[in-house]
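Data block below; observations after.
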Amino acid sequence: MTYIVALTGGIGSGKTTCSNHFKKLGIDIIDTDVIAKNILNNNITISYAVKKKIGKKILNTDNSINRSLLRKQILNNPNDRLWLEDLLHPKIYKETEYQIKHVKSIWCLWVVPLLVEKRLENKVNRILLVDISIKEQIKRIIKRDKIHRTEAKKIIAIQATRKQRISIADDIIFNKKNNTNMRLSVHYLNLFYIYLSTKYKKNKINVKKNYLTKFY
């Protein structure tokens, strides 16, 4: 059985940077955002349903779905957001399960931004949180996505709070612009997770709550 570490964090916190460091160490990454993007791009039934439900206002000139426009639409229309989540999430988790079954590394990293919101904490062996201040988070979103501060705040507001994420985390990386610290933290955690995975597989005991680590 694969030992699963969930990586979570708010938008713009640095989850992709963190997961890329683990990937360089040979760890299999299962990213729900990537899976969702592939479903929207490649699943004809799903893309047709989204286009029919939300309309031409989210489409590119080639009739493909513009994810930025789709995000703005669901951000301002809670009913559309809930509808889209109900449509996508069963497909996302089915693909997640498939990928977990085919993991080749000793443990795997499951990147789940909505871990708290979807109450998935009991589906994993351990939870790693990449944390960042709200102020820095807003700055990063504005710069990365080229959106207005108001929109950035709206996105943060519909996500779980920092307090909620911290309350379920086993390990926390406080992301403070230092890529070297992030890389060193990931290096240590990989060794730590290898140890926990080995112990878990040998004894069939999840030692999830026996340790807590924080990196600044």
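All of the numbers you see were taken from the coordinates with simple rules; none came from a lab. Only a predicted model underlies this, so the values are computations on that prediction, with no experimental measurement involved. For neighbour counting, all protein chains shown are included, and Cβ atoms are generated from backbone atoms with ideal geometry for every residue, glycine included.
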Exclusive hit being surrounded by 12 or more Cβ atoms within 10 Å (Cβ to Cβ), in contact (Cβ under 8 Å) with a residue 12 or more places away in the chain, of a type in the set (Asp, Glu) and closer than 25 Å to Leu7 by Cα, set Asp31, Asp80: Asp31
Out of (1) among the aromatic types (Phe, Trp, Tyr); (2) more than 20 Å from Ile168 (Cβ to Cβ); (3) in contact (Cβ under 8 Å) with a residue 40 or more places away in the chain, the odd one out for Trp110 is which? (2)
Taking the criterion of being farther than 19 Å from Arg144 by Cβ, loosely packed, with under 15 Cβ neighbours inside 10 Å, touching a Ser or Thr at 6+ places or on another chain (Cβ under 9 Å) and of a type in the set (D, E, K, R), would at least one residue in region 37-57 satisfy it? no
Quick one: how many residues across region 19-30 are within 11 Å of the chain's Cα centre (by Cα) and not β-branched (Val, Ile, Thr)? 1
Filtering region 5-18 down to residues that are surrounded by fewer than 22 Cβ atoms within 10 Å (Cβ to Cβ) and either in contact with a His (Cβ under 6 Å, 6 or more places away or on another chain) or farther than 15 Å from Ile141 by Cβ (or both) yields none
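May I ask you to verify whether Leu69 is assigned to a helix (DSSP H, G or I), out of contact with any Leu (no Cβ under 6 Å at 6 or more places or on another chain), within 30 Å of Lys104 (Cβ to Cβ) and of a type in the set (A, V, I, L, M)?
no
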